[in-house]
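The values are calculated or read from the model by the stated rules, or taken from the named source; none is laboratory data. Because the structure is predicted, anything quoted here is derived from the model rather than measured. FYI the Cβ positions are ideal-geometry reconstructions off the backbone, even for glycines, and counts take in every protein chain you see.
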């Protein structure tokens, strides 16, 4: 009798579980995905081969939540729940958002090529039309100052070429501090001061609540560098792209024979910017056997809360990463 009752209970739970898969919840589930050997994704003309170690790109999976996946993620230590309006712009659908992430990935690759080649002694120039404002998060004050179609040319007086540079420079201040954007509107240049604020998922990261994209730009590089990341999107692999490109360009093995993963955006000055999903990325890196993990300084506190057992290396610049690697190779 007890076995029958127990069987009925499990049957009810199974039915609820299955039906829950088809009930949407206004959240995204973020979970660890995979770590990928960058040597498999990047090819450099005249590359130095035979390195024993590896640099890894790490990814997370971000999916619309159902009642079932929401419940699982709520209790799972390696997953995170994010409200849809904190991920997806209100005026974008899922496909448009993925296209935006693809643009950010392309931009990150171009940026990494420029930084890596310049650091390796090559001359690289950039031609750019600026960065366009394409939308706003809900309830952001930036909508009172900026308009869709504004073209950003400078952040706090520093000339920018790419959308990822705007993000890094905006985040380089305490939450609540203002940022001054030099923009072009109706063929007129003007300086606009916009307040920063904290987001619901990353309270330590300042934002101004705008969606932007790079207008046509072109790095003029002297050698062929190809990066094929397939469907992976976003700008967070910038630092690791730079390290892999340099490792193929230079005669020494920067890894010192170690397996090293990491994350972080990169700007043209070599500054490493904060990213999302750092805890999930660390878990993915550990599963792949990485011994060290480069983490942006701004994500360190969050990273230290990860249950993964991996050596965290905080960096705020490419120079920090190269200094660590040099000591590792001594």
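Among the criteria (1) in contact with a helix residue (DSSP H, G or I) (Cβ under 8 Å, 6 or more places away or on another chain); (2) crowded, with 16+ Cβ neighbours inside 10 Å; (3) over 16 Å from residue 242 (Cα atoms), the one residue 63 does not fulfil is (2). Against the conditions (1) surrounded by fewer than 24 Cβ atoms within 10 Å (Cβ to Cβ); (2) without any contact (Cβ under 8 Å) to a residue 60 or more places away in the chain, residue 295 satisfies every one except (1). Those strands (runs of 3 or more DSSP E) of the range 71-148 in which at least 1 residues are modelled with pLDDT under 85, considering only elements entirely within it, cover 80-83.
Candidates are the residues of the range 116-131 that are crowded, with 17+ Cβ neighbours inside 10 Å and under 14 Å from residue 270 (Cα atoms); the one that is nearest to the chain's Cα centre (by Cα) is 116. Looking only at the range 179-217, count how many residues are within 16 Å of residue 109 (Cα to Cα) and loosely packed, with under 11 Cβ neighbours inside 10 Å. Residues flagged as within 16 Å of residue 109 (Cα to Cα) and loosely packed, with under 11 Cβ neighbours inside 10 Å within the range 179-217 amount to 1. Scanning the range 50-73 for residues that are in contact with a strand residue (DSSP E or B) (Cβ under 8 Å, 6 or more places away or on another chain) and over 15 Å from residue 24 (Cα atoms) returns 53, 54, 55, 56, 57, 58, 59, 60, 61. Residues in the range 38-59 that are modelled with pLDDT of 90 or more, surrounded by 13 or more Cβ atoms within 10 Å (Cβ to Cβ) and not in a helix (DSSP H, G or I): 41, 42, 43, 44, 53, 54, 55, 56, 57, 58, 59. Being within 19 Å of the chain's Cα centre (by Cα) and either surrounded by 13 or more Cβ atoms within 10 Å (Cβ to Cβ) or not in a loop (DSSP other than H, G, I, E, B) (or both) is not true of residue 175. Residues that are closer than 30 Å to residue 226 by Cβ and assigned by TED's automatic domain parsing to the domain that holds residue 282 do occur in the range 62-79.
Annotation: of all residues in the range 218-227 being surrounded by 16 or more Cβ atoms within 10 Å (Cβ to Cβ) and over 17 Å from the mean Cα position of the chain (by Cα), the one that is modelled with the lowest pLDDT is 219. Could we say that residue 311 is surrounded by fewer than 23 Cβ atoms within 10 Å (Cβ to Cβ) and touching a strand residue (DSSP E or B) at 6+ places or on another chain (Cβ under 8 Å) here? For residue 311, the condition - surrounded by fewer than 23 Cβ atoms within 10 Å (Cβ to Cβ) and touching a strand residue (DSSP E or B) at 6+ places or on another chain (Cβ under 8 Å) - is met.
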